[in-house]
Ligand code: 1OR
Ligand code: 1OR
């Protein structure tokens with residue numbers, strides 16, 4: 001990221017302080033040598049802080065931080081402007097910063113092949129910092145954009161330390177999710193490292209039919225109602241929503257659009273207070289690839305139920 005332009009004209013932090021990568025180390029918070037490093041603060045105008053807060057609102061990795069930790073993260077972040085075709089990250093490099101997208105479209109390139117894209121939201125660059133591994137992908141800006149960077153030391157002190165707590169909190173739950181049974185224990189823990197947890201009050205819409213999909217959900221507590229708008233079911237007014245199923249603890253939803261690359265096929269609503277584990281589309285692709293066969297089998301089952309309910313298939317698959 002040599003040519004990245006810091007919005008405050010200062011050189012990007014920690015570029016000259018890279019360490020040699022060590023393969024997927026187990027993190028022990030009591031041995032973290034970075035604990036004694038001074039707190040990083042990049043002063044911001046009110047306007048910058050507003051934009052930063054907006055960009056970080058839905059970042060899953062920040063969702064399990066407490067308020068004090070979150071505000072330390074915001075203090076430490078610095079603004080970066082990028083130009084079209086700039087490489088924010090190069091595969092194989094050591095990790096310096098974690099990035100949150102304010103705006104811009106970024107290609108994810110692995111071994112020269114574009115495997116995905118970030119479209120004006122999301123974050124990247126957590127893997128090399130979490131596991132002390134070389135960068136797993138190249139990230140290229142396709143247009144002018146703006147990012148917020150978080151230096152490695154602060155990321156490790158706050159996010160990685162918090163992951164240790166997350167692993168203890170979610171280990172039993174994640175092991176109990178039937179979909180994830182076929183994964184190795186360390187693969188399930190990698191899901192825990194990147195998941196976010198979101199709460200939804202009674203009646204709140206979690207997924208909107210027809211929208212572009214960005215994440216995948218597993219119900220942690222409460223009940224989720226799946227509703228579909230149908231023009232074909234006899235006796236229902238056009239566009240009236242009908243309930244088709246409910247999901248409770250350990251059940252997943254929101255996989256269909258990610259598997260088929262189509263808009264959301266149905267809407268999802270909280271019934272009472274609901275808590276869900278949320279995984280973003282990139283982590284879904286990276287970590288749940290081997291579970292896709294199970295999901296596809298269940299999707300075939302949706303189609304049968306769709307025919308039974310509405311009398312015709314709405315073509316849920318590709
Ligand atoms: P990093 O620190 O390794 C590159 O630097 C970043 O790209 C990585 O963290 C992730 O944040 C992001 N495989 C590897 N890295 C990915 C992937 C990915 N998607 C986003 N990143 N995928 C598997 C490709 C075979 C998912 C593609 C959708
Ligand atoms: P999505 O990403 O399309 C809506 O977002 C989610 O509702 C969908 O993924 C599934 O996880 C979930 N048809 C379509 N979506 C369903 C269905 C379904 N059941 C659950 N979802 N069925 C077909 C009948 C209309 C099955 C009903 C039991």
Using packing as a proxy for protection, rank 208-219, 171-182, 155-166 so that the peptide with the highest average count of other Cβ atoms within 10 Å comes first.
155-166, 208-219, 171-182
Note down the relative contact order for the stretch 108-203 as a percent, whole number, built from C-alpha pairs under 8 angstrom at least six residues apart.
20
Which residues does a label at residue 114 reach in the stretch 132-147, if reach means a backbone N under 16 Å from a point 7 Å past the Cα toward the Cβ?
138-145
Per residue, how much space in cubic angstrom lies within the convex hull of the C-alpha atoms of the stretch 167-287?
104
Taking R0 as 25 Å, what's the FRET efficiency between residue 103 and residue 275 from their Cβ-Cβ distance, rounded to 0.05?
0.25
Counting other beta carbons within 10 Å of each residue's own, what order do 80, 183, 309 fall into, fewest first?
309, 183, 80
Compute the semi-axes of the equivalent ellipsoid of the stretch 60-214, taking the square root of 5 times each eigenvalue of the Cα gyration tensor, and list them largest first in whole Å.
26, 19, 18
Can you compute the modelled spin-label distance between residue 199 and residue 186, with each label point 7 Å from Cα toward Cβ, in nm?
3.5
Beyond 19 Å, the calculated P(r) of the stretch 244-318 holds a percent of Cα-Cα pairs equal to 40
Difference of contour (0.36 nm per residue) and Cα-Cα distance, residue 208 to residue 66:
48.3 nm
How would you rank 188, 205, going from fewest to most other Cβ atoms within 10 Å of each one's own Cβ?
205, 188
Please compute the length gained on full extension between residue 167 and residue 39, using 0.36 nm multiplied by the number of residues separating them and subtracting their Cα-Cα distance.
43.6 nm
Between the stretch 243-264 and the stretch 53-83, what is the separation of their alpha carbon centroids in Å?
28
Neighbour-count ranking [beta-carbon atoms within 10 angstrom, fewest first] of 276, 56
56, 276
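Each reported figure results from applying straightforward, stated rules to the coordinates on display, with no laboratory input. Predicted model, so just to flag it, every value in this text is computed and none were measured. Cβ coordinates were reconstructed from backbone atoms using ideal geometry, including for glycine residues, and neighbour counts include every protein chain displayed.
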